[in-house]
Amino acid sequence: MIMKLNPDLFLFRRTRELERKIDRFYDNLSESAIVFRLAVRAYLKQGWTEEFQERLERVSQLESANDNLRREIESELYEHTLIPDSRGDVLGLIENSDQVISEFESTLWAFANERPEIPDAFRSGFRKLTNMVVKAADELGLGARAFFRSPQDVPAYNHKVMLYEKEADVISTTLKRAIFASEDLALCGKLHLKEFVEYIDSIADTAEDVADRLAIYAIKRLV
């Protein structure tokens, strides 16, 4: 999405390299969301496969790249004494956004290491939950980009994050109830599936938490 820049609100008019690093950071977050969805779909279709492992490795690469970018952004902000009034908010936003991609990675590692058996009856629910979580992360990324260019647009993106997070909660609750109502699964299997529902759902919770912080940062920029 192309956003019209307001020269009075844009934070990095004279630091294009820093601007590019922040854009790459959120590009990586967006890509990780897409790859996460593809990885879960692959797992639901065939379990652990080379395709799933490749998706996992890609998310790990993106997470490592963002760790490096986060450190570079922090260094530039302090070394060049940039935007002292907003520096803490920028760093807080970057650090908290990084938690989302970390959860994408850790959830996929859980699939790879524990390899849960997901019956056909629950795969649709897992797909729906994954879709809602990814949508919440996507809107968070758009809202974070808006913070730097057009902070007045942040509330619209945050509102969507909240909507998708609530929908993810509804789906996860319905899915867990269906799992525990199943007569074909032992209790240990039910508990195992419940953990994976919560792994995925927690990503939307994290996105909402970051959006709450983002709302405060955006208000501070506008007053």
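The values are calculated or read from the model by the stated rules, or taken from the named source; none is laboratory data. The structure presented is a predicted model; accordingly, all values stated were derived computationally and were not measured. Here Cβ is always computed from backbone atoms with ideal geometry, including for glycine, and neighbour counts include all displayed protein chains.
Some points to look at:
- Within the range 116-157, being within 30 Å of A178 (Cβ to Cβ) and of a type in the set (K, R) holds for R123, R127, K128, K135.
- Selected residue (only one of Q61, Q99 is touching a residue at least 40 places away in the same chain (Cβ under 8 Å) and not β-branched (V, I, T)): Q99
- Residue list for the range 190-216, restricted to those being more than 12 Å from V161 (Cα to Cα), over 14 Å from the mean Cα position of the chain (by Cα) and either crowded, with 19+ Cβ neighbours inside 10 Å or hydrophobic (A, V, I, L, M, F, W, C) (or both): L191, L193, F196, V197, I216
- The range 76-94 - residue that is within 26 Å of D212 (Cβ to Cβ) and part of a loop (DSSP other than H, G, I, E, B) and, of those, modelled with the lowest pLDDT: L82
- Members of the range 58-75 that are modelled with pLDDT of 95 or more, small (G, A, S) and closer than 22 Å to R16 by Cβ: A65
- Count of residues meeting criterion [acidic (D, E) and either under 18 Å from E103 (Cα atoms) or in contact with a Leu (Cβ under 6 Å, 6 or more places away or on another chain) (or both)] in the range 130-170: 4
Let's see how each residue does on (1) assigned to a helix (DSSP H, G or I); (2) over 14 Å from the mean Cα position of the chain (by Cα); (3) at pLDDT below 95; (4) at positive phi:
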{"position": "R127", "(1), (2), (3), (4)": "yes, yes, no, no"}
{"position": "T130", "(1), (2), (3), (4)": "yes, no, no, no"}
{"position": "A137", "(1), (2), (3), (4)": "yes, no, no, no"}
{"position": "G141", "(1), (2), (3), (4)": "yes, no, no, no"}
{"position": "F147", "(1), (2), (3), (4)": "yes, yes, yes, no"}
{"position": "P155", "(1), (2), (3), (4)": "yes, yes, no, no"}
{"position": "L163", "(1), (2), (3), (4)": "yes, yes, no, no"}
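- Within the range 196-212, residues that are over 16 Å from K135 (Cα atoms) have Cβ atoms under 6 Å from residues that are part of a helix (DSSP H, G or I) and basic (K, R) in these pairs: V197/K176, counting only partners at least 6 apart in sequence or on another chain.
- Filtered residues of the range 108-148 (kept if among the charged types (D, E, K, R) and crowded, with 17+ Cβ neighbours inside 10 Å): K128, K135, D138, E139, R145
- In the range 175-223, the residues that are charged (D, E, K, R) and not in a helix (DSSP H, G or I): E183, D184
- Evaluation of E50 against (1) acidic (D, E); (2) in contact (Cβ under 8 Å) with a residue 40 or more places away in the chain; (3) farther than 17 Å from K194 by Cα (one fails), failing number: (2)
- Selection count, the range 156-189, where residues are surrounded by fewer than 17 Cβ atoms within 10 Å (Cβ to Cβ) and without any contact (Cβ under 8 Å) to a residue 40 or more places away in the chain: 14
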